[in-house]
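Down below is the structure, laid out as structure tokens.
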Amino acid sequence: MKNRPEKNQRKALLFIALALTIAQLVKIPLNHYTGTFDVTKDIPLHMCNFLPFIMIVVYITKSRVIWATVFFWIVLGVSQANLTPSVEYSLFHYDAIRYWMVHLGLVLLALYPAIEWKWEIELRDVGRTILWLNIVALIIYVLNLILGSNYFYLMGKPPGTTFFSILPPWPAYILVLEVIIAIWSLMVLGIFKMVRKKGYSDKSRTIESEP
């Protein structure tokens, strides 16, 4: 895609974001049809489930600020969900297909602007991402109280063996996660800057070596 106009690239990425969003929304009527719908589990209120909606906004508005805010959520949160999946079904159950589509697709959508469009992330983006993460968590916490649910895993750890398994019990793990997210976000920022700087340095040496 990199040799195509950026406008076409953005359309392709927007199509992927729409496909992931549709996959999230289709889960609701499918679970109703199979009689397995559970309001405490099947509304797209987990981070990985509502991020496709945000990525639609990113690619419609081409907003670097919104992208940089959720970049850390995806790189740190969605990526670890790929390494320690919490999906309850095996392939080729439709919910397993949806799970892997969304989690792998989000990583692609987050990395593409950084790699191909050279969008930057800054220190202030770390502060912004932590601020908005807490705002969203507060809203979903209230919804959890109303629904009796555990969206965002604010009321308890996710099932199975995941990254959360090594953390202390509720509610202490939420505070530990706050610290971990801040440290890891700064680490990601540092790695991002190092890779970017090395890329510019390699490019400069290539240009200088040309006759």
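The values are calculated or read from the model by the stated rules, or taken from the named source; none is laboratory data. Please read all numbers here as calculations on a predicted model, not as lab measurements. Neighbour counts are summed over all protein chains in view; Cβ atoms, including those assigned to glycine, are modelled from backbone coordinates with ideal geometry.
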Say we look at segment 1-44 and pick out the residues that are among the hydrophobic types (A, V, I, L, M, F, W, C) and not in a helix (DSSP H, G or I); which of these is surrounded by the most Cβ atoms within 10 Å (Cβ to Cβ)? Ile43
Can you tell me how many residues in segment 148-181 are part of a helix (DSSP H, G or I) and surrounded by fewer than 15 Cβ atoms within 10 Å (Cβ to Cβ)? 8
Looking at segment 117-133, can you tell me whether even one residue there is at positive phi and either in contact (Cβ under 8 Å) with a residue 40 or more places away in the chain or out of contact with any strand residue (DSSP E or B) (no Cβ under 7 Å at 6 or more places or on another chain) (or both)? yes
Please go through segment 54-88 and give me each residue that is more than 18 Å from Thr129 (Cα to Cα) and part of a loop (DSSP other than H, G, I, E, B), ordered by number. Thr84, Pro85, Ser86, Val87, Glu88
Which one of Gly199, Gly148, Gly156, Gly160 is modelled with pLDDT of 90 or more and not aliphatic (A, V, I, L, M)? Gly148
Whether any residue in segment 33-44 is modelled with pLDDT under 95, under 16 Å from Val136 (Cβ atoms) and under 15 Å from the mean Cα position of the chain (by Cα) is what I want to check. yes
Going by the conditions given, is Val102 part of a helix (DSSP H, G or I) and without any contact (Cβ under 8 Å) to a residue 60 or more places away in the chain? no
Within segment 46-53, is there a residue that is under 14 Å from the mean Cα position of the chain (by Cα), in a helix (DSSP H, G or I) and closer than 18 Å to His93 by Cβ? yes
Checked segment 44-82 for anything out of contact with any His (no Cβ under 7 Å at 6 or more places or on another chain) and free of Cβ contacts under 8 Å to residues at least 40 places away in the same chain; matches are Pro44, Phe50, Phe53, Ile54, Val57, Thr61, Ser63, Ile66, Ile74, Gly77, Ser79
Quick one: which of Leu111, Leu91 is part of a helix (DSSP H, G or I), of a type in the set (A, V, I, L, M) and without any contact (Cβ under 8 Å) to a residue 40 or more places away in the chain? Leu111
